[in-house]
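Report on the following structure.
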Amino acid sequence: MFLGLDCSTQSLSALILDAREGNILHEASVNFERDLPHFNTSSGFVHGDEPGEVFSDPTMWLEALDALFAKLVADGVDLSGIDAISGSGQQHATVYLNDQFGPTLASLDPAKGLAEQNQPCLTRALTPIWMDSSTDAECEEISAAAGGNDEVCRRSGSTTTQRFSGPQIRRFSKISPDAWSDTSVVHLNSSFLASVVAGESVSIDHGDGAGMNLMNLATGNWDDSLVAATADDLADKLPTLAPSDTITGTVSRYFSEKYGVNPDAKVALWSGDNPCSLVGMGASSPGKMVISLGTSYTLFAAMEQPLTDPSGFGHVFGNPCGQFMSLVCFSEGALALEKLRSELDITWNQFSNAALSPEDSPVRSLLDKQFTDMKSRSTWMSESPSTIYVTGGASQNHGICQTIANIFNANVQRMGTSASASLGAAMRAAHATGTFTLNELEQKFTQPAPDSLVTPNPDTAKNY
Ligand code: XUL
């Protein structure tokens, strides 16, 4: 059995699969706003005092991790059968820790909680997440110091981007220099939680590492020039980088003693949610394009060569199965749909009908705008797939799928599971042990949902 965890903006989820039989055995989730209300988040985040600041709380993720394992045990899952664990995390979020992090993880007490034991290791109480846009000045400073944005893009796969870790790290080093000098390691959401599960401070994987404006795409190592342009002493505070399928060791004693996890369960590096979804959608080799319709919309595909977007809007991340992936992110995504739906006071069914109707409506205008924009922002990828695979909450909506099919003039197909990030994480865990090939896992777990094929309407498609 293989366990995939996914720490998204709104929740922490688990998916357990039986790779031999090809079954998903169990899924469970802890919702930050609903299940941990004392953190006072709305959908898992809080706004800061300064313009553009959006934070999450790493101690909330840790409390959720304890709550999730407790839930799995209460659900009757026998965790002694877990062979390997991996995970997926919302991308870009940085966690700042002092030199006690390693020793704390090495001696976690199962009688106490993860949050209370790790809290003293944090040099920054909150973590800026991917929705944060407070780093305009830092983006400019880094690109000026590193020889301009074309150079930053050539090295890291993206121009300096507000939500990316490098600009976020620079801002923290400027506004809190003392806390910055107390920081001995900067983790991502993914590598922080991987460290907790493994019981030692582990590497950042190439998939998520590429979303930092700090990793050199060509070498897979930290880029000296970008690191120097970002913050003083940063080179000493970054974990090493490693391939996503690296097994870091076995699960921390904390989880085996407290929740009965197999003490020999291997831990594979975690990756970002988009790289994990690439795997969970069966799209880890080139040829498939995926649109994920979650809080943010993302469009991504595996890539052999690191083509970059000359307009600076798209990104290149590491493909957890090797080589690269392209990504375009629209941060408003489903939030904008929900806002319009509640303003119009209609149900999702009515929303879908409005999208399908030939008559003009605010619904049609919004969807047309979102997806024509998405299409024009994705031309740099040079992909014109015959089928686009969709996932995420809004992919259940027929009107939205039909709009995508018409605008992209391609078939649209929903996948059997909507939990593509945790599924991808569990598949990566199975693959990293060397027992299963990715091909076998994709055959078993990434089949389209029956009757979910939507074909373009030739009359409407020709208008786009
Ligand atoms: C990608 C991005 C988002 C987050 C969502 O660059 O910022 O898709 O990964 O969790």
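The values are calculated or read from the model by the stated rules, or taken from the named source; none is laboratory data. For clarity, every value in this text was computed on a predicted model and none was experimentally measured. Here the Cβ positions follow ideal geometry from the backbone for every residue, glycine too, while neighbour counts run over all protein chains shown. Calculation scope for accessible area: heavy atoms of the full protein, side chains included, ligands and nucleic acids excluded. Shrake-Rupley method; radii C 1.70, N 1.55, O 1.52, S 1.80 Å.
Brief remarks follow.
- Surface share of carbon and sulfur [accessible, 1.4 angstrom probe, percent] for the chain: 46
- Cβ-Cβ distance of GLU200 and ASP451, R₀ of 41 Å, FRET efficiency by 1/(1 + (r/R0)^6): the value works out to about 0.30.
- Interchain or long-range residues, amide H under 5 Å from GLY272's placed H: GLY89, ASP208
- One chain, two ends: TRP348 and GLU440. Fully extended at 0.36 nm per residue, the span grows by 29.5 nm beyond their Cα-Cα distance.
- Proximal aspartates and glutamates to LYS71, defined as alpha-carbon separation beneath 18 angstrom and excluding residues fewer than eight positions away on the same chain: ASP6, GLU27, GLU33, ASP35, GLU63, GLU257
- Heavy atoms of the protein chains alone define the surface here; on that basis the chain has 38 Å² accessible area per residue at 1.4 Å probe size.
- Alpha-carbon Rg/Rh ratio, for the chain, with Rh computed the Kirkwood way: 0.95
- Lys, Arg +1 and Asp, Glu -1 on Cβ, resulting dipole of the chain about Cα centre, debye, nearest 20: 840
- Between ALA111 and ALA218, residue separation times 0.36 nm minus the direct Cα-Cα distance comes to 34.0 nm.
- Between ASP150 and HIS26, the contour length at 0.36 nm per residue exceeds the Cα-Cα span by 40.1 nm.
- Taking 31 Å as the limit for the C-alpha separation, the pairs LYS174/LYS258; LYS339/LYS462; LYS339/LYS375; LYS369/LYS444; LYS288/LYS369 exceed it in the case of LYS174/LYS258; LYS369/LYS444.
- Annotation for region 313-397: GluC sites (Glu not before Pro) lying in DSSP loop with at most 13 further Cβ atoms inside 10 Å of their Cβ are GLU332, GLU359.
- Burial order of peptide ranges 79-89, 452-462, 241-251, 286-296 (average beta-carbon count within 10 Å, highest first): 79-89, 286-296, 241-251, 452-462
- Rounded to 5, the percent of DSSP beta bridges in the chain classed as antiparallel: 70
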